[in-house]
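The values are calculated or read from the model by the stated rules, or taken from the named source; none is laboratory data. This one's a predicted model, so the numbers in the text were calculated from it and none came from an experiment. Heads up, the Cβs are rebuilt from the backbone with ideal geometry, glycines too, and the neighbour counts pull from every protein chain shown.
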């Protein structure tokens with residue numbers, strides 16, 4: 001079957017997105033009074049300091065458990081906890097601190113951002129710029145560098161993502177390539193030239209730490225250093241994928257309304273701690289200035305204008321599964337989620353190419 | 001030299017806040033600092049076309065609502081990625097309860 005979508009950032013879809021005005025377009029926003037929005041945007045160090053202390057204590061505690069019980073079966077629960085904290089919760093810390101909204105103090109955001117980027121094997125410079133592009137051109141084919149599941153969906157690839165293998169296989173060679181001073185054309189398409197040097201420097205730091213961990217493992221003749229540094233990206237990233245895939249999967253692409261291409265899902269408190277409330281994802285994309293701890297309040301304020309959230313992750317996956325199956329044959333098909341009667345309607349004139357293929 | 005233009009009344013902007021001012025086909029942002037001084041910059045972020053007036057003022061910083069890029073609105077200096085280009089600033093004076101800006 002001929003592929004209609006070119007996900008390269010310098011290809012045919014890129015050209016079309018720019019020519020049709022989809023790139024860097026003006027997006028739909030729910031009306032929120034300036035006074036209310038100003039209150040929601042207010043920064044505070046308190047919630048993130050509290051959460052970061054809990055996070056670090058839990059990471060160090062579970063790491064201590066791994067070291068203590070290494071070589072016995074008692075190590076397994078500690079591996080599970082450490083893996084998710086290292087390989088999954090670092091994603092939300094990376095994300096929120098990258099936006100600069102977690103803490104009021106910029107330096108605190110920067111420190112946690114650097115630590116979380118390392119844990120994720122993400123170049124902190126590259127990913128800051130790719131995420132800016134993701135917010136400018138959310139799920140615009142040829143422009144968005146962070147589309148997790150492309151069309152037609154590769155379901156095997158999506159399943160393998162839960163193991164972290166694919167990300168690991170991409171992230172580590174990318175860091176090594178960057179450390180040798182090589183920047184790809186896709187990376188150059190969203191990173192300003194003046195920042196390219198920083199990409200290389202950051203990659204060299206990351207690679208140096210991994211080399212040190214490997215040397216230590218060889219010296220001790222033990223996998224333990226690698227189980228603590230690097231490998232959690234494999235065995236602990238399942239929760240990041242479980243929650244993160246739901247952000248946009250099966251929804252519209254090439255539209256300029258986050259209600260059509262982004263999903264809000266109610267989640268349990270543990271997942272919300274790990275995910276730092278990014279389950280309120282439509283709200284986050286519409287108003288990225290609102291810190292994670294204020295997203296539930298934002299949700300209450302604007303939910304009249306948004307599709308009904310999925311009541312659980314299970315519900316969301318059950319809803320999207322038949323859509324993915326159908327996309328295997330009809331890649332234009334997508335899930336168009338129904339708006340409540342209180343919402344302003346979708347502006348179909350802007351989405352004429354994709355709306356007829358939608359399932360409601 | 002271009003003249004002074006009335007942008008708004010002094011009470012139209014809350015303390016530690018910003019409003020949008022359009023004039024002659026251009027867009028500006030008018031700020032009132034926490035210590036009750038007024039400043040003016042270009043209205044759009046230098047990174048991408050987003051209205052800074054929808055952003056957040058914290059002390060002497062304006063944060064863009066789209067990608068959280070930060071500028072010092074008193075000097076226009078960009079404070080780091082994703083903003084790399086400084087913001088143009090404009091002289092401001094207050095006369096008879098009105099905020100005036102000088103557009104070059």
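Confirm whether residue A:227 is over 30 Å from residue A:143 (Cβ atoms), touching a helix residue (DSSP H, G or I) at 6+ places or on another chain (Cβ under 7 Å), at pLDDT 95 or above and part of a helix (DSSP H, G or I).
Spelling it out, residue A:227 is indeed over 30 Å from residue A:143 (Cβ atoms), touching a helix residue (DSSP H, G or I) at 6+ places or on another chain (Cβ under 7 Å), at pLDDT 95 or above and part of a helix (DSSP H, G or I).
The rows are residues; the columns are (1) surrounded by 22 or more Cβ atoms within 10 Å (Cβ to Cβ); (2) more than 18 Å from residue A:43 (Cβ to Cβ); (3) free of Cβ contacts under 8 Å to residues at least 40 places away in the same chain.
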| residue | (1), (2), (3) |
| --- | --- |
| B:48 | no, yes, yes |
| B:56 | yes, no, yes |
| B:92 | no, yes, no |
| B:96 | no, yes, yes |
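Do you know which of the residues in the stretch A:171-198 that are outside any helix (DSSP H, G or I) and within 14 Å of chain B (Cβ to nearest Cβ) is nearest to the chain's Cα centre (by Cα)?
Of all residues in the stretch A:171-198, those outside any helix (DSSP H, G or I) come to A:180-184, A:191-192.
Right, trim to within 14 Å of chain B (Cβ to nearest Cβ) and you get A:191-192.
Numbers: A:191: 18, A:192: 22 Å.
Filtering first and then ranking leaves A:191.
Going residue by residue through the stretch B:36-45, is there one that turns out to be within 13 Å of chain A (Cβ to nearest Cβ) and surrounded by 16 or more Cβ atoms within 10 Å (Cβ to Cβ)?
First, pick out the residues of the stretch B:36-45 that are within 13 Å of chain A (Cβ to nearest Cβ): B:44-45.
If we keep only those that are surrounded by 16 or more Cβ atoms within 10 Å (Cβ to Cβ) too, we end up with B:44-45.
Yes, the conditions are met somewhere in the stretch B:36-45.
Taking the criterion of being assigned to a loop (DSSP other than H, G, I, E, B), without any contact (Cβ under 8 Å) to a residue 40 or more places away in the chain and more than 9 Å from chain A (Cβ to nearest Cβ), would at least one residue in the stretch B:18-27 satisfy it?
yes
Determine, yes or no, whether residue A:36 is surrounded by 15 or more Cβ atoms within 10 Å (Cβ to Cβ) and in contact with a helix residue (DSSP H, G or I) (Cβ under 7 Å, 6 or more places away or on another chain).
no
Take residue A:240 and decide whether it is assigned to a loop (DSSP other than H, G, I, E, B) and more than 29 Å from residue A:181 (Cα to Cα).
no
Among the residues of the stretch B:58-99, write down those that are within 9 Å of chain A (Cβ to nearest Cβ) and closer than 24 Å to residue A:34 by Cα.
Within the stretch B:58-99, the first condition is being within 9 Å of chain A (Cβ to nearest Cβ), and the residues that meet it are B:58, B:61, B:63-70, B:79-82, B:84.
B:58, B:61, B:63, B:64, B:65, B:66, B:67, B:68, B:69, B:70 - these are the residues of the stretch B:58-99 that are within 9 Å of chain A (Cβ to nearest Cβ) and closer than 24 Å to residue A:34 by Cα.
Can you tell me how many residues in the stretch A:275-333 are within 14 Å of chain B (Cβ to nearest Cβ) and touching a residue at least 40 places away in the same chain (Cβ under 8 Å)?
10
With the stretch A:276-340 as the region, which helices (runs of 4 or more DSSP H) entirely inside it contain at least 2 residues that are within 16 Å of residue A:101 (Cβ to Cβ), in contact with a strand residue (DSSP E or B) (Cβ under 8 Å, 6 or more places away or on another chain) and modelled with pLDDT of 95 or more?
Correct list: A:281-286, A:295-302.
For the stretch B:53-104, which strands (runs of 3 or more DSSP E) that fit wholly inside it have 2 or more residues that are under 16 Å from residue B:17 (Cα atoms)? Before you say what the answer is, go through the steps one by one.
On the way: elements: B:56-58, B:61-63, B:70-72, B:92-95, B:98-102.
Answer list for the stretch B:53-104: B:56-58, B:61-63, B:70-72.
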